[in-house]
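Quick note: the coordinates plus some simple rules give every number you see, no bench work behind them. Quantities reported herein were computed from a predicted structural model and do not represent experimental measurements. Here the Cβ positions follow ideal geometry from the backbone for every residue, glycine too, while neighbour counts run over all protein chains shown.
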Amino acid sequence: MIDEFGVEMSDAEVGAFLDQRGDGVLAFGGEFGYALPMSFGYDPAANRCVFQFVFGPESEKRAHIEADRDVTLVSYEWDRPLDWRSVVVSGPLRPVEDVETVAASEVFAPRATAIPLSGFGRPVDELEPEWYELDIAEMSGRQAPRDV
């Protein structure tokens, strides 16, 4: 359907976009919202997004994950006014079981936007990486009309 806010994307288009995108903004609810840029890998077979969180001492991210497991991921691209796409997915965020971390890394590695550990401003030995997955409960997307 075309309207002033673009064209609704099908679930297949949303999945294809997530599969090629690799980064977005992950938002937590709660009394005071919290959002952070994150790299992710999309797993179409399980309809999930896989994240590698990197925690430092006294991590604000960890506190938000423990307080609110329902999250929303927004990913988008904008090239010009008539060339854009955006996707919103939401659902529960869960730690990946230890026996599944290799599979999670195989989803993440080829799809996620690479961020060097030096970007966290701490010595690497102070950082704790952990795998999480967003089990997608709701997904939607919009894009610029193609025939304008």
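Rounded to whole numbers, the Karplus 3J(HN,Hα) couplings from phi for the stretch 124-137 are 4, 5, 8, 9, 10, x, 9, 8, 9, 10, 9, 7, 5, 9 Hz, using 6.51 cos²θ - 1.76 cosθ + 1.60 with θ = phi - 60°, and x at Gly and Pro.
Provide Rg over Rh for the stretch 26-69; use the alpha carbon set for both Rg and the Kirkwood Rh (inverse mean inverse pair distance).
On the way: Rg = 11.9 Å, Rh = 11.8 Å.
My calculation puts Rg/Rh at 1.01.
For the stretch 11-49 versus the stretch 125-148, the spacing of their alpha-carbon centroids is 1 Å. In Å, what Kirkwood hydrodynamic radius results for the chain from the alpha-carbon pair distances? When all Cα pairs of the chain are included, the Kirkwood radius is 16.2 Å.
A simple packing score, the average count of other Cβ atoms within 10 Å per residue, orders the peptides 51-60, 122-131, 65-74 as 65-74, 51-60, 122-131, with the highest score first. Between SER140 and TRP78, residue separation times 0.36 nm minus the direct Cα-Cα distance comes to 20.6 nm. Using Cα-Cα distances under 8 Å and only pairs 6 or more residues apart, what relative contact order does the stretch 2-143 have, in percent? In percent, rounded to a whole number, it is 35.
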